[in-house]
Amino acid sequence: MFDSLTSRFSSAFSSLRSRGKISASDVDATCVQMREALLEADVALPVVEDFIEEIRTRSLALLPSLQAGSNQAQAIFDVVNAELTRILGSEARRVRFSKKPPTVIMLAGLQGAGKTTLAGKLAKYYADQGNTPLLVASDLQRPNAVTQLQILGQSIGVPVFAPEEGNGKGNPVNVATDGIKYASAKQFNMVIVDTAGRLGIDGELMNEAVAIRDAISPDEILFVVDAMMGQDAVRTAQSFQEGVGFDGVVLTKLDGDARGGSALSITQLTKRPIMFVSTGEKISDFDIFYPDRMASRILGLGDVATLAEQAKKAFDPATSAKLEEKFSSGEDFTLEDFLEQLQAMSKMGSMSKMLAMLPGAASMKKQIENFDEGELVRTRAIVQSMTPTERRDIKVLNGSRRARIALGSGRAVSEVNSLVERFSLAQKAMKAMRGGSMPAGMAMPAGMGASVGKPKQVPTKKKSKSGNPAKRALEERS
Amino acid sequence: MGLFSKLISKLTNSNEVSLSDWKTLEADLLAADIGPKIVESIINQARLIRGDQAQSALTQVLMKSLSRAPREMNLSVAKPSTFLIVGVNGTGKTTSAAKLAAHFQKKSLTVILGAADTFRAAAVEQLQTWGKRLDILVISGKEASDPAAVAFESAQKARDSHSDILIIDTAGRLHNKSDLMHELEKVKRVVEKITPVNEVLLVIDATTGQNGLIQAQVFSESVAVTGIILTKLDGSAKGGIALSIEATLDIPIKWIATGESIEDIAPFDPERYIEGLLA
Ligand SMILES: Nc1nc2c(ncn2[C@@H]2O[C@H](COP(=O)(O)OP(=O)(O)OP(=O)(O)O)[C@@H](O)[C@H]2O)c(=O)[nH]1
Ligand SMILES: [Mg+2]
């Protein structure tokens with residue numbers, strides 16, 4: 001009933017793909033389906049109409065030039081992909097650093113968009129790159145927004161300039177101005193100013209934002225917008241553009257299952273690039289925006305590039321090398337190795353989030369949604385309750401040892417039994433596969449312990465060469 | 001005047017409603033976030049309308065998509081009547097909890113607030129600030145403590161002090177995170193050990209697009225939502241997704257919120273809402 005853009009596109013194109021020769025009326029029918037899919041994905045109507053018209057014209061123009069027997073559906077698919085990527089921006093723009101520090105970033109947006117959390121994430125992101133950010137608490141409106149920023153700052157070790165406690169008291173323009181002065185005096189090279197949420201149509205509050213802007217002349221004003229936003233995103237973005245103006249867009253709550261069609265509308269109509277995305281409640285759930293990834297995600301290709309990057313970050317190269325070594329030298333893969341993998345996986349964040357990034361994920365949405373994250377935690381608890389000897393050789397696990405492990409991990413003995421059983425099966429399977437080219441870091445966990453519907457369905461490798469550059473690069477690497 | 005009245009006068013006076021008139025009505029309904037499927041069905045029904053009853057007939061078409069479930073709050077004789085406030089991040093849960101508390105306090109009912117958002121930084125303080133302003137007791141636990149424990153304690157407190165109303169604020173959570181949804185189910189379960197939960201109110205931000213429908217569905221499956229609080233209607237967004245929720249899942253909108261001040265909340269009035277949609 002509630003298909004995402006990804007699954008809608010997948011189905012629009014698979015019906016196209018299943019035909020031999022595509023006629024003009026096939027293109028039209030696909031366009032009708034695409035229109036509804038884009039609307040369901042919250043792309044604004046005027047943007048949808050333009051987009052569809054463009055695709056239709058370009059596809060029709062393409063048809064005669066295609067050889068009979070060539071993959072026409074693929075050609076049209078490529079047109080759609082290219083057009084989507086073009087609208088989303090050809091590459092991610094980075095923050096412009098001011099020649100005269102501090103570089104000042106001002107956040108603006110509606111109430112509840114996620115500005116305060118984002119301020120913390122930005123600060124952490126730039127601090128990790130060797131900058132010295134200062135957070136400035138200019139949201140004096142929402143109760144305890146100042147406290148929230150202070151707690152965030154403390155947790156990431158970034159100072160917060162907060163002379164006013166807020167809750168309706170104090171002047172946000174003065175706080176911002178004083179914040180910049182303080183940053184200059186104390187040699188911070190970057191200032192991130194959190195402001196109160198305001199409605200696009202609230203003239204008075206928009207003027208306040210203008211006053212803050214004029215007082216601090218920010219190098220970047222970032223418009224923060226919730227990825228779940230509907231058709232009004234365009235109107236809101238336009239009134240912010242006319243009101244305070246902004247240089248870039250940040251898309252938040254992208255860890256939800258909204259496809260974020262509003263992103264497409266906003267960049268298209270305001271001509272401002274999306275620069276960052278926020279993908280969760282943890283400070284580290286943050287990334288720069290990759291237009292091609294977003295386009296391929298929309299098109300149901302899965303966000304393989306992101307997944308690969310996260311895996312690389314989570315799996316320590318030494319551990320991976322050691323595993324690979326073990327694997328090819330014929331040594332047994334032990335529960336100890338498995339525990340290391342489980343730990344690395346938990347570093348990668350939620351399993352369902354990762355699975356959702358795989359190509360073809362749209363077609364197994366239900367399984368992914370039903371993925372029981374707790375299973376990984378429980379499995380880890382059981383393995384952690386074993387002694388090193390037990391982990392290295394499961395054959396020593398007799399009845400009394402199993403009972404002790406169950407007690408220690410707070411799980412039932414039957415769960416311990418089933419884990420051991422599945423592990424020994426997996427060990428056998430690994431032996432049989434030995435010599436294959438499976439990347440060690442990714443080999444075991446999906447099938448182990450976790451009750452994801454049918455892990456076999458996850459197409460970890462595809463024969464086809466993808467039309468998407470990021471994905472193709474990845475295919476060629478493996 | 002708005003397109004609606006133009007369309008109605010055309011329907012009333014003649015049968016000459018052009019294709020572009022229907023296209024404009026479609027565009028308006030879509031712009032309100034009602035969603036392509038329901039818009040299509042509304043337009044199809046509206047196309048059958050003719051003659052001098054056009055105005056009321058068209059309103060009827062829209063009214064028909066609304067839920068028929070009662071919109072009044074379900075208050076019990078036994079104390080306390082308990083409301084659980086749920087929803088995704090940033091929709092206005094905490095503010096709405098405070099507004100509802102003030103609303104019932106004005107009716108001379110005694111209210112207790114439970115601060116079961118133990119996750120987001122300063123969420124507890126945010127509710128406490130409201131509590132202080134309203135002189136309403138806020139039950140809270142330590143930061144990062146178990147939200148179910150806080151909810152349990154507030155239920156005990158409300159029962160033991162014979163309070164009329166208990167309103168429990170919960171942390172924002174995305175419906176696609178099953179662990180967080182399980183946590184919410186647990187909050188509800190433990191409260192029910194002390195007192196029945198009269199209302200589970202899902203807070204939907206009027207700017208929400210089609211994802212709102214999935215939110216409502218998943219939250220309902222998990223904690224049986226009994227009503228919607230539609231917030232931020234003071235902005236330019238029309239909140240049509242709530243109409244979709246009513247039409248698809250039969251969950252009634254019970255309250256609308258129209259600002260950041262404590263009094264900016266009111267019971268939902270279907271007719272005025274439909275009027276506003278087409279204004
Ligand atoms: N304009 C407007 N703003 C509102 C309304 N309701 C809440 N807000 C604002 O929206 C922002 C978020 O509100 P909260 O009540 O903190 O939202 P929440 O759902 O509790 O947020 P989390 O607990 O972080 O998930 C605050 O700035 C509120 O002042 C409303 O009806 N209109
Ligand atoms: Mg809250």
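What residue, among those in the range A:232-265 that are assigned to a loop (DSSP other than H, G, I, E, B) and over 14 Å from the mean Cα position of the chain (by Cα), is farthest from the other protein chains (Cβ to nearest Cβ)?
A:D247
Looking at the range B:172-227, which of its residues are out of contact with any Gly (no Cβ under 7 Å at 6 or more places or on another chain), away from chain A (no Cβ under 14 Å), within 16 Å of ligand 1 (Cβ to nearest atom) and over 15 Å from B:T248 (Cα atoms)?
Matches in the range B:172-227: B:L184, B:V187, B:V200, B:V223.
Checking A:L122 against (1) in a helix (DSSP H, G or I); (2) crowded, with 22+ Cβ neighbours inside 10 Å; (3) within 14 Å of another protein chain (Cβ to nearest Cβ); (4) of a type outside the set (G, A, S), only one condition comes out false. Which one?
Of (1) in a helix (DSSP H, G or I); (2) crowded, with 22+ Cβ neighbours inside 10 Å; (3) within 14 Å of another protein chain (Cβ to nearest Cβ); (4) of a type outside the set (G, A, S), only one is false for A:L122: (3).
Taking the range A:175-232 as the region of interest, how many residues are of a type in the set (G, A, S) and within 30 Å of B:L174 (Cβ to Cβ)?
Summing the residues that are of a type in the set (G, A, S) and within 30 Å of B:L174 (Cβ to Cβ) in the range A:175-232 gives 6.
What are the residues in the range A:152-174 that are more than 24 Å from A:Y126 (Cβ to Cβ), away from chain B (no Cβ under 14 Å) and part of a loop (DSSP other than H, G, I, E, B), if any?
Answer for the range A:152-174, where residues must be more than 24 Å from A:Y126 (Cβ to Cβ), away from chain B (no Cβ under 14 Å) and part of a loop (DSSP other than H, G, I, E, B): A:E164, A:G170, A:N171.
Name, by its number, the condition in (1) over 22 Å from B:P196 (Cα atoms); (2) without any contact (Cβ under 8 Å) to a residue 40 or more places away in the chain; (3) surrounded by 24 or more Cβ atoms within 10 Å (Cβ to Cβ) that does not hold for B:A123.
It fails just one condition, (2).
Within the range B:24-31, is even one residue more than 16 Å from ligand 2 (Cβ to nearest atom), more than 14 Å from chain A (Cβ to nearest Cβ) and of a type outside the set (V, I, T)?
Scanning the range B:24-31, I find no residue that is more than 16 Å from ligand 2 (Cβ to nearest atom), more than 14 Å from chain A (Cβ to nearest Cβ) and of a type outside the set (V, I, T), so the answer is no.
Could you please give the count of residues in the range B:117-137 that are assigned to a loop (DSSP other than H, G, I, E, B), at pLDDT below 95 and either more than 11 Å from ligand 1 (Cβ to nearest atom) or more than 12 Å from chain A (Cβ to nearest Cβ) (or both)?
Here the count works out to 1.
Give the range B:88-119 a look and list any residue that's touching a Ser or Thr at 6+ places or on another chain (Cβ under 8 Å) and within 15 Å of ligand 2 (Cβ to nearest atom), or say none.
B:T91, B:G92, B:K93, B:T95, B:S96, B:L113, B:G114, B:A115, B:A116, B:D117, B:T118
Looking at A:L140, A:L149, which one is under 24 Å from B:T94 (Cα atoms), within 16 Å of ligand 2 (Cβ to nearest atom) and within 13 Å of chain B (Cβ to nearest Cβ)?
A:L149
What residue, among those in the range A:285-299 that are at pLDDT below 90 and not in a helix (DSSP H, G or I), is nearest to B:G212 (Cα to Cα)?
A:L299
Say whether the condition of being buried (at least 24 other Cβ atoms within 10 Å of the Cβ) and of a type in the set (D, E, K, R) is met by at least one residue in the range B:172-194.
There is no residue in the range B:172-194 that is buried (at least 24 other Cβ atoms within 10 Å of the Cβ) and of a type in the set (D, E, K, R).
Looking only at the range B:228-251, filter to residues that are acidic (D, E) and away from chain A (no Cβ under 13 Å); which one of those is nearest to ligand 1 (Cβ to nearest atom)? Talk me through it step by step, then tell me what you get.
Looking only at the range B:228-251, we keep the residues that are acidic (D, E), and these are B:234, B:246, B:250.
Filter once more, so that each one left must be away from chain A (no Cβ under 13 Å): B:246, B:250.
Values: B:E246: 19, B:D250: 24 Å.
It comes out as B:E246.
Pairs, please: C-beta under 7 Å, at least 6 apart or cross-chain, first residue assigned to a loop (DSSP other than H, G, I, E, B) and in the range A:90-108, second among the small types (G, A, S)?
A:R93/A:G248; A:P102/A:A183; A:P102/A:S184
When you scan the range A:191-207, how many residues do you find that are more than 14 Å from ligand 1 (Cβ to nearest atom) and either at the interface with chain B (Cβ under 10 Å from one of its Cβ atoms) or not in a strand (DSSP E or B) (or both)? If you could, list the steps in order and put the result at the bottom.
Taking the range A:191-207 and keeping what is more than 14 Å from ligand 1 (Cβ to nearest atom), we get A:191-193, A:207.
Remaining after also requiring either at the interface with chain B (Cβ under 10 Å from one of its Cβ atoms) or not in a strand (DSSP E or B) (or both): A:207.
Residues that pass the stated criteria total 1.
Would you confirm, using the coordinates I've provided, whether B:I136 is within 19 Å of B:L113 (Cβ to Cβ), crowded, with 23+ Cβ neighbours inside 10 Å and either touching a residue at least 40 places away in the same chain (Cβ under 8 Å) or in the same structural domain as B:G240 (by the TED database) (or both)?
So B:I136 does not fit the description; no.
Within the range A:148-192, count every residue that is among the hydrophobic types (A, V, I, L, M, F, W, C) and under 27 Å from B:A206 (Cβ atoms).
1
Within 11 Å of ligand 2 (Cβ to nearest atom), at positive phi and at pLDDT below 95 - does that describe any residue in the range B:139-146?
Scanning the range B:139-146 turns up no residue that is within 11 Å of ligand 2 (Cβ to nearest atom), at positive phi and at pLDDT below 95.
Among the residues of the range B:43-56, are any within 14 Å of chain A (Cβ to nearest Cβ) and either touching a helix residue (DSSP H, G or I) at 6+ places or on another chain (Cβ under 8 Å) or of a type in the set (A, V, I, L, M, F, W, C) (or both)?
There is at least one residue in the range B:43-56 that is within 14 Å of chain A (Cβ to nearest Cβ) and either touching a helix residue (DSSP H, G or I) at 6+ places or on another chain (Cβ under 8 Å) or of a type in the set (A, V, I, L, M, F, W, C) (or both).
Considering the range A:273-293 alone, what residues qualify as being under 8 Å from the mean Cα position of the chain (by Cα) and polar (S, T, N, Q)?
Answer for the range A:273-293, where residues must be under 8 Å from the mean Cα position of the chain (by Cα) and polar (S, T, N, Q): A:S278, A:T279.
In a helix (DSSP H, G or I), closer than 30 Å to B:I214 by Cα and within 11 Å of chain B (Cβ to nearest Cβ): is that true of A:Q268 in this structure?
On the way: in a helix (DSSP H, G or I): yes; closer than 30 Å to B:I214 by Cα: yes; within 11 Å of chain B (Cβ to nearest Cβ): no.
Against the criterion (in a helix (DSSP H, G or I), closer than 30 Å to B:I214 by Cα and within 11 Å of chain B (Cβ to nearest Cβ)), A:Q268 does not qualify.
Name, by its number, the condition in (1) surrounded by fewer than 20 Cβ atoms within 10 Å (Cβ to Cβ); (2) polar (S, T, N, Q); (3) modelled with pLDDT under 75 that does not hold for A:Q341.
If we test A:Q341 against (1) surrounded by fewer than 20 Cβ atoms within 10 Å (Cβ to Cβ); (2) polar (S, T, N, Q); (3) modelled with pLDDT under 75, just (1) comes out false.
Name the single residue that is farthest from the other protein chains (Cβ to nearest Cβ) among those in the range B:80-116 being away from ligand 1 (no atom under 13 Å from the Cβ) and of a type in the set (K, R).
B:K107
Residue check: is A:A137 within 22 Å of the chain's Cα centre (by Cα) and over 22 Å from A:G256 (Cβ atoms)?
Answer is no for this residue.
The values are calculated or read from the model by the stated rules, or taken from the named source; none is laboratory data. Nothing here was measured: the structure is a model prediction, and the numbers come from that model. In this analysis, Cβ positions are derived from the backbone assuming ideal geometry, glycine residues included, and neighbour counts consider all displayed protein chains.
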